[in-house]
Amino acid sequence: MDEPERPSGAEPEPAAASEILAPTPEDLAPVAEEAPPAPAPAPKPKRPGVLAERPEEVELVPRGRLAAQSRREFLLFGLGTVATASALWWLLPDRAKARLLPGPWRDRLDTLAMRVGLSRERREATLNRALTFDDDVAEALYSRDRAVRTYTRAEVTPLRNNYNGQTPTPEYLASWKLRLLGLASGRVEEIALTDLVRRHRLREQVTRLVCVEGWSAIAWWGGLRFADLLRRFPPAPGARWAALRSSVNLDGAGRPDPYYVSIDLDTARHPQTLLATHFGGRPLGVDHGAPLRLLVPMKLGLKNIKAITEIEYTSYEPPDYWNERGYSRYDGL
C-alpha cells in the first residue's frame, strides 16, 4: 500500500526507536584533549669573545661614597706618582742628576734618600741584578742555529770609527802577532797575520753592527770563522769562555788603555762569528781595528773588539771592560 505523500515543508518524522543505535563504551569514554606542541628550545646565547664589548651596567652609587672613593683614588695616584719619581731619581746616574738638578737641592734629595735606605750601594746592586736577569734571559734564548739577518752589498751603509778613545797609531802593525793562551796543548802560540790568512778559508758576510749608543750600520766584512781557529788550536778541557784583549787601545787623551771583552765559546763557534781581516773588500784599516777584529753580529758593538792582540780560553768568565763600568755582561741582541 502506498505511503501517503508528505506535504512539502513538513518536518521528517522521527526514526523509529528500533532504528536509534545505543552508544558504545568507546563513545561514552572521555575524549582526551590533544596536548599543545612543546615550545622550541631557546637558542643558547653566544659567549662573547675576549675583545667583545661588554654591555654597560648601571649602578647607583650614593654621592658621599663616590666622593670618598674619588678622594682615595686621587691620594693613591699622588702617592704612586711620588714613589715612581723618587725611584727613578734614585736610579739615575750621578752625572745625570747633576745635569738635571744642579745646586743644593740635588744633595738634599740624595740625603733624604739615604735616610730611608736608598743608598748609592743599594742602587748599584739593584741595577746589577736587573742587568744580570737581562743577561740570563738573553743567554737562555741564544741558539747556534739561529742566524742574524744578512744583506746585499748594495745595502751597505757608512760605518763610523767608534773607538772609545783615540784611534791607535799604525806603528804596532809592523810587529803584530796574535797570542793564544789556554790551549789544550799547554803551549802559547803566536800567529802572524799572513799565517791566519793563508791557513784559513776567508769568508764574507754583510751584517748589521748595532751600537749601544743607539745607531747601527750595515757593513761588508771578510775574515776567518772563529770556529775554524778553535778547531786548529783547541782550548784546554773545561774551557767555556774566551777573553779577547787589545793592548794597543788608547783612552781619550791618547794614553794606553787596554781593552778587553769576554764571550762564551758557544757564541765564538757561531757560524757568523768572524775574526775579521777585511772591511768593504779591502784589508782592515786602523780606524776599523786592523789587522784583526772580532765580528759577532748577534751582540752589541761594544763586544766587537778591534785590534785584537791576545785571545785566552778560560773555564771562568773573564773580566769585561764595559761590564766593569756598569754595562751588561752578555750584551746579546
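Mind telling me which of the residues 244, 292, 274 ends up being touching a strand residue (DSSP E or B) at 6+ places or on another chain (Cβ under 7 Å), farther than 16 Å from residue 176 by Cβ and assigned by TED's automatic domain parsing to the domain that holds residue 163?
Working: 244 fails: farther than 16 Å from residue 176 by Cβ; 292 fails: farther than 16 Å from residue 176 by Cβ.
Going through 244, 292, 274 in turn, the sole match is 274.
So for segment 224-237 (the condition being modelled with pLDDT of 95 or more and either at positive phi or among the hydroxyl-bearing types (Ser, Thr, Tyr) (or both)), does at least one residue qualify?
no
Inspect segment 316-331 for any residue being surrounded by 17 or more Cβ atoms within 10 Å (Cβ to Cβ), in a strand (DSSP E or B) and touching a residue at least 40 places away in the same chain (Cβ under 8 Å) and give the result as yes or no.
No, there is no match, as no residue in segment 316-331 is surrounded by 17 or more Cβ atoms within 10 Å (Cβ to Cβ), in a strand (DSSP E or B) and touching a residue at least 40 places away in the same chain (Cβ under 8 Å).
Taking only pairs six or more apart or across chains, which ones have beta-carbon atoms under 8 Å, a first residue in segment 221-237 that is touching a residue at least 60 places away in the same chain (Cβ under 8 Å) and assigned by TED's automatic domain parsing to the domain that holds residue 159, and a second residue that is of a type in the set (D, E, K, R) and in a strand (DSSP E or B)?
Close Cβ pairs (under 8 Å, with a partner that is of a type in the set (D, E, K, R) and in a strand (DSSP E or B)) amount to 221/204; 223/203.
It is to be established whether one or more residues within segment 221-238 are over 24 Å from residue 316 (Cα atoms), buried (at least 21 other Cβ atoms within 10 Å of the Cβ) and under 27 Å from the mean Cα position of the chain (by Cα).
Yes, there is a match, as at least one residue in segment 221-238 is over 24 Å from residue 316 (Cα atoms), buried (at least 21 other Cβ atoms within 10 Å of the Cβ) and under 27 Å from the mean Cα position of the chain (by Cα).
Mind checking which helices (runs of 4 or more DSSP H) fall wholly inside segment 191-286 and carry at least 2 residues that are under 20 Å from residue 157 (Cα atoms) and not β-branched (Val, Ile, Thr)?
Hits in segment 191-286: none.
Okay, residues lined up against (1) exposed (fewer than 15 other Cβ atoms within 10 Å of the Cβ); (2) at pLDDT 95 or above:
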| residue | (1), (2) |
| --- | --- |
| 140 | yes, no |
| 163 | no, no |
| 167 | no, yes |
| 183 | no, yes |
| 203 | no, yes |
| 214 | yes, no |
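Considering only segment 163-172, state which residues are closer than 28 Å to residue 212 by Cβ and not β-branched (Val, Ile, Thr).
Answer for segment 163-172, where residues must be closer than 28 Å to residue 212 by Cβ and not β-branched (Val, Ile, Thr): 163, 164, 165, 166, 168, 170, 172.
So if I check each of 99, 179, 106, which one is touching a strand residue (DSSP E or B) at 6+ places or on another chain (Cβ under 8 Å), outside any loop (DSSP other than H, G, I, E, B) and either surrounded by 14 or more Cβ atoms within 10 Å (Cβ to Cβ) or outside the structural domain of residue 304 (by TED's automatic domain parsing) (or both)?
Working: 99 fails: touching a strand residue (DSSP E or B) at 6+ places or on another chain (Cβ under 8 Å); 106 fails: touching a strand residue (DSSP E or B) at 6+ places or on another chain (Cβ under 8 Å).
Result: 179 is the single residue among 99, 179, 106 that is touching a strand residue (DSSP E or B) at 6+ places or on another chain (Cβ under 8 Å), outside any loop (DSSP other than H, G, I, E, B) and either surrounded by 14 or more Cβ atoms within 10 Å (Cβ to Cβ) or outside the structural domain of residue 304 (by TED's automatic domain parsing) (or both).
Taking residue 136, is it surrounded by 13 or more Cβ atoms within 10 Å (Cβ to Cβ), in the same structural domain as residue 83 (by TED's automatic domain parsing) and at pLDDT below 95?
no
The values are calculated or read from the model by the stated rules, or taken from the named source; none is laboratory data. Because the structure is a prediction, the values reported are computed rather than measured. We place every Cβ from the backbone using ideal geometry, glycine too, and count neighbours over all the protein chains shown.
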